[in-house]
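Here's the structure we're looking at; comments come further down.
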Amino acid sequence: MKNFSFFFFLLLLLSVCQAFAGNNPEGEGISDKRFFKQTLKLIDKGHFRHAEANFLDLLKRDPRNIEYNYELAMLYFYDLKRSDLALPYFEKVKDLITHPEDFPELHYYLAQVLHFTGAYDSAITEYLMCDEMELSKKDELTGKIERDIAACRYAREQNVRTDVRVRNVGNRINSGFPEYVPVSLKNDSLLLFTAKRPPVMSTNWGFEGSEYFEKIYFSKKQGKNFSFAEASEIFPAFKLLQSTTKKHNAVIGISQDERQLLIYRKNKIWTSDLVGGVWQKPVKIQKSVNFSFYQPHVSMTQDGNMLYFSSISKKGFGDLDIYCSVKDADGKWGKAVNLGETINTKYGEDSPEISPDGKKLYFSSQGHPGMGGYDIFRSDYVNGQWTRPTNLGSPINSPGDDIFFRFSRNRNLAYFSSYRKDGIGNLDIYEAEFFPAFERCNKTDSTRILANKYMGIQCVDSVFAGKPVTFYSVSKQRGFGLYDIMWKIDTIIPWDSDSLNYTFEKVGSYEIMAEANVMNHETNYTETYCVSKKVNVLDGQVLIVAIPTDSLPTALNTDTLLTVQTVTDTVKTTTLPSEVKSLESVYFDFDSFAIRADARITLDNNIQTLMMDKSLKISITAHTDSRGSSQYNKLLSQRRAESVYRYLISARIDKSRIVDYVGKGEDEPLGQSGVSQEKLYQLNRRCDIRVVK
């Protein structure tokens, strides 16, 4: 009986816990008003994901509720650090309110998220609409508007650097929680970093509400791929680094010989020496360096005799400043010296990183002219003085916080942390690779094959001088997207768009290049690829490329084509309405919209039919096989339709007789039993020409 009672008690306790954990997120049985109040309490307790789910459920019931939209926007903006997700809800509130004075800070928050997403002109408009008098009552907003407008204008005027590629390292390291201070060691085969996240990554709301302390994580790297990050404390080599109490424990740097780790704990800087393959118990650096209540970051010169670190002092310029300390002959650290007003401002300067030769200082600043938040800067030591800092520019810097910049042993590769719109959430770790733009176009055959697997350039093969032409860069794989696109024809064009309009002025043969970051939307892992395409510029009308019959592949011999034609005719005569007649279809090679030699013969026959009855009008519909992404196939089919359209126009078929020409992509496949897969692919790489009475 006792066992039964205990078992019943466990069942009852489990059901109560499940109800509290969110098995009833829709708030069934309670009023929306009460459910809303409960959701606000979840935010106070730190249960942000649970609150997000509740707000989304409330908005399903009442999508025009101003409070629901506003509180969800604020949750994304402040707590979940997803300004991009906050934008549509702030915009919805703006559309719904009839008395703007009820939300005096709305324009400011809307401006902030527009600024974050790169809509600088719209952000400036919203900043200018802010009520300074009302906002002055909120201490955190006082005096920021003018600086934010200046940041928008600065960002708007920046040119994208063409000598660097910035990539998110992906979800094996990054999460919806903050990851920062990446430290590369062992010839870039191991990456240490700091994170504030639950011990087990889960979407379960039970992990929310507790304070997450900083911990050290690491990920192994093979080639360009990282392993899933693991907490360092479970490995013997890092065991002594862990604090005996629940306190923050963060890696913030490493000596050049990789024999001494620099650690942050209890607001101070500590060191740990590597002895026998094991990192020893951290020792706090003396008070001449740890002179104030807060020293968050440090970097050491190659000889180990100078430290550059950030600290707050009443004698400083305001917020965090950067200081330097030199080791004396006795091995003790000397008095900290402020680097002065050339480097430091009344706003925050943090995360100093000194180059191995001690001549270049990288750091992040909120005070020097930048794009917003913390930007990364560089200053050179010349004639005994630090030069005026230079902003590293886009794409390294963004409208969000960019901080903790550090080169790996390979000086062409750096890591840093950033909060930006393409991230997984909060601070993510990124890598910046420095190399000349379009260098990847000259790599090995395997690299070219891989690049062409993921992206391509769509355009006509031949154009004539003086006429504009549009080039399209397209993703060939589902689940992948192209970002930070650069084009090159005569010169590099850092044009972040999937299309480029260009006019060739001179006759000749040109190579069109496109370079882009290809992102896996599931993992956020990003790689840079480059592809190219030849275009002939002629002095006259646009020509369609004709492929000689003897160059056709074996799979496309006469017998094959006759078989395909027979299948196509059968399908059309049985599926088309009676008022529509079909001319012969034409077929294309894989991943091409050039008019083949056999297609020219077919089109010429169709043209003769059209010339016999000039009252006939036609519709052109092009298709692709199922290989490649739907977006890519849609564009490819449109190009095929355009090729046929141009061919007919060049043969004096009046434009008014062509009702439309469209690309259907892979949406209308044809099939036939007893036909091989390759023949079915060829069957669907077609363009149908239909005569409408």
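Below are the figures for this structure:
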quantity	calculated
Sequence-distant lysines (8 or more away, or on other chains) whose Cα lies within less than 20 Å of residue 655	467, 581, 614, 617, 693
Highest to lowest packing among 36-43, 393-400, scored as the average C-beta count within 10 Å	393-400, 36-43
Karplus-derived HN-Hα couplings along the range 516-521 (A = 6.51, B = -1.76, C = 1.60, θ = phi - 60°), whole Hz, x at Gly and Pro	8, 7, 9, 9, 7, 5
Whole-Å distance, taken between Cα centres, linking the range 305-359 and the range 409-485	38
Rounded FRET efficiency, nearest 0.05, which uses the C-beta distance separating residue 303 from residue 434 and R0 of 35 Å	0.90
Modelled FRET efficiency - R0 25 Å, residue 190 with residue 521, Cβ distances, 0.05 increments	0.35
Sorted by Cβ neighbour density within 10 Å, fewest at the top, the residues 678, 515	678, 515
455, 611 arranged by Cβ crowding within 10 Å, fewest neighbours leading	611, 455
Size-normalised alpha-carbon gyration radius of the range 624-693, reference 2.2 N^0.38 Å	1.24
Evaluated at q = 0.09, 0.11, 0.17 Å⁻¹: base-10 log I(q)/I(0), Debye formula over Cα of the range 166-434	-0.38, -0.58, -1.50
Length-normalised contact order of the range 253-377 in % [C-alpha pairs under 8 Å, at least 6 apart]	18
Distant-in-sequence amide H partners of residue 249 (H built 1.01 Å from N, under 5 Å)	214, 215
Estimated inter-spin distance, residue 511 and residue 237, nm [label 7 Å along Cα→Cβ]	4.3
Within straight-line cross-link reach of residue 634, aspartates and glutamates at Cα separation under 17 Å, skipping those fewer than 8 residues along the same chain	498, 589, 591, 625, 642, 660, 666, 667, 668, 688
Residue 358 long-range amide H proximity, modeled H, under 5 Å	302
Karplus-derived 3J(HN,Hα), 6.51/-1.76/1.60, for each residue of the range 79-92, Hz, glycine and proline x	8, 8, 6, 10, 4, 5, 6, 6, 3, x, 7, 4, 5, 5
Set 239/360; 92/664; 246/359; 33/196; 37/94 screened for pairs whose C-alpha atoms are more than 30 Å apart	239/360; 92/664; 246/359; 33/196
Estimated vicinal HN-Hα couplings, Hz - the range 37-46 in sequence order (Karplus 6.51, -1.76, 1.60; Gly, Pro = x)	5, 5, 5, 4, 5, 4, 5, 4, 8, x
Calculated P(r) tail over 19 Å for the range 439-538, as whole % of Cα pairs	41
Ordering of 424-434, 599-609, 373-383 by packing [mean C-beta count within 10 Å, highest first]	424-434, 373-383, 599-609
Trypsin sites (Lys or Arg not before Pro) lying in DSSP loop within the range 455-517, provided at most 13 other Cβ fall within 10 Å	478, 506
Linear extension gain, residue 536 paired with residue 672, 0.36 nm per residue minus alpha-carbon span	45.1 nm
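Read-outs throughout are calculated quantities, based only on the coordinates presented, and are distinct from any laboratory measurement. Please read these numbers as outputs of a predicted model, since none were measured by experiment. When we count neighbours, we look across all protein chains shown, and the Cβ atoms used for this are built from the backbone with ideal geometry, even at glycine.
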